[in-house]
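Inspection log for the structure reproduced underneath, given as C-alpha cells.
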Amino acid sequence: MQIIHTLSELRERLKLFRHPSVVPTMGNLHAGHIALVEAAKPLGDVTLATVFVNRLQFGPKEDFDTYPRTLQDDCDKLEAVGCDIVFAPSEKELYPQPQTFLIQPPPELANILEGEFRPGFFTGVATVVMKLLSATQARTAVFGKKDYQQLMVIRQMVQQFAMPVEIVGIDTRRAEDGLAMSSRNGYLNAEERRQAVLLSQCLKTVADGIRSGRSDYAALEAQAMSELASAGWKPDYVVARRRVDLQAPQPGDALVVLAAAKLGNTRLIDNLEV
Ligand code: PAF
C-alpha cells in the first residue's frame, strides 16, 4: 500500500489506472470504514482511501481541533484490508489558498436536520468531496448510510454536476448492542457508552410503530424525544421522513427515521430505514 500526501504524486500514480474506487474518510477508522473499503475493492481497478479532517465542515464551536488524528493506525488497518493507496494530504496541500469557491447544496436539503443544527456543514462536506473525487479521479465512491443526509447531498451533487462517478451507499455497521459505529463514539466515557444504545432503540421504536401501521408520526417522534430527554440526553431531532428527499412523509412513501442527540458532550446521529 502506498501513502501519498501530495496532489502531484497522486496524479502521477493514478496514470496507471482507469477506474479508481474511492472511500473518503476523516480517519480514526473503525469497522464501519473498513466495511466501506471492502465494498469498494471489487468496484474498481485500484482502491483508494482518503484521510483528511476537513476544517470547512466544522462549526466554530465543534470538535475540529480535538478530532482524533490517527494516521498510522488508520494506514495499518487499510493495509490489512487490502487498500492500494491512501491519500492523506495536509491542509496546506488541499487548501493552499482559502477555499473561496464553495459547493452550496440547495437549502431544502442542506438547511434541514443536520444542516439546521450545523450551519454550513453540508457546504463544507460537498466542497471537500468535490475536491477529493476530482483529485482521486474517482469512478466509484463509497459512503456510509449512517450519514444519510450527507449521502443524499453527495448523490445530488454528482448528478447535478454530471460527475462521472457512481456513488454507492453501504448499510451502517453497529456494535452488538445496536450503537451505530462512529469515530465520535470514542468520546463517550464508559457510563455514556452504556447509555448510548438508547438512540438506536428509540429509532427502532419509531420504525416499529410505523411498520405496525401507525401514521401519527408527530406523536411517535415526540415520544422518542421525551424518552431521550428523560434519560438525560439533549435530542436535536427524531423524525420520520421520506427517503427520497427527507421531506415530510406522504401516504405510500418509503420512510427513514433519523435522529441526532447529545449525550454529555458527544453529539451522535443515527437513522433507520423503515
Ligand atoms: O463522512 C465523513 O467522514 C466526511 O464527512 C467526509 C465525507 C469524508 C468529508 O470530509
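Listed values, structure above:
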| item | result |
| --- | --- |
| Lysines with Cα under 17 Å of Lys145, excluding same-chain neighbours fewer than 8 positions away | Lys204 |
| Calculated Rg and Dmax of region 13-69 using C-alpha coordinates, Å | 14.0, 43 |
| Two-decimal Rg to Rh for region 44-102 - Kirkwood Rh, Cα set | 1.03 |
| Qualifying lysines (Cα of each under 17 Å from Cα of Lys41; at least 8 residues distant if same chain) | Lys77 |
| Most to least packed among 56-66, 124-134, 19-29, 106-116 [average Cβ atoms within 10 Å] | 19-29, 124-134, 106-116, 56-66 |
| Cβ-based charge dipole, the chain, positive-most Cα from Leu272, Val158, Phe121 | Val158 |
| Candidate lysines - alpha carbon under 21 Å from Lys61, same-chain residues fewer than 8 apart omitted | Lys234, Lys262 |
| Rounded, prolate or oblate (a/c below 1.5 giving rounded, otherwise prolate when a/b exceeds b/c) for region 117-273 by Cα gyration tensor | oblate |
| Karplus-derived 3J(HN,Hα), 6.51/-1.76/1.60, for each residue of region 175-182, Hz, glycine and proline x | 5, 4, 7, x, 4, 5, 5, 7 |
| Interatomic Cα distance distribution for the chain, bins of 10 angstrom, percent | 6, 28, 36, 22, 7, 1 |
| Mean ellipticity per residue at 222 nm, deg cm²/dmol - from DSSP H runs of n ≥ 4 across the chain, formula -39500 (n - 2.57) | -11000 deg cm²/dmol |
| The chain: angle of helix 197-211 to the longest principal axis, Cα-based, in degrees nearest 10 | 70 |
| Tensor-based shape of region 1-152 (alpha-carbon gyration tensor, a/c under 1.5 rounded, otherwise prolate or oblate) | prolate |
| Between helix 121-135 and the chain: long-axis angle, C-alpha atoms, 0 to 90°, nearest 10 | 30 |
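Since every read-out is calculated from the coordinates, none of them should be taken as a lab result. These numbers come from a predicted model, not from an experiment. Please note: Cβ atoms are built from the backbone with ideal geometry, for glycine as well, and neighbour counts cover all protein chains shown.
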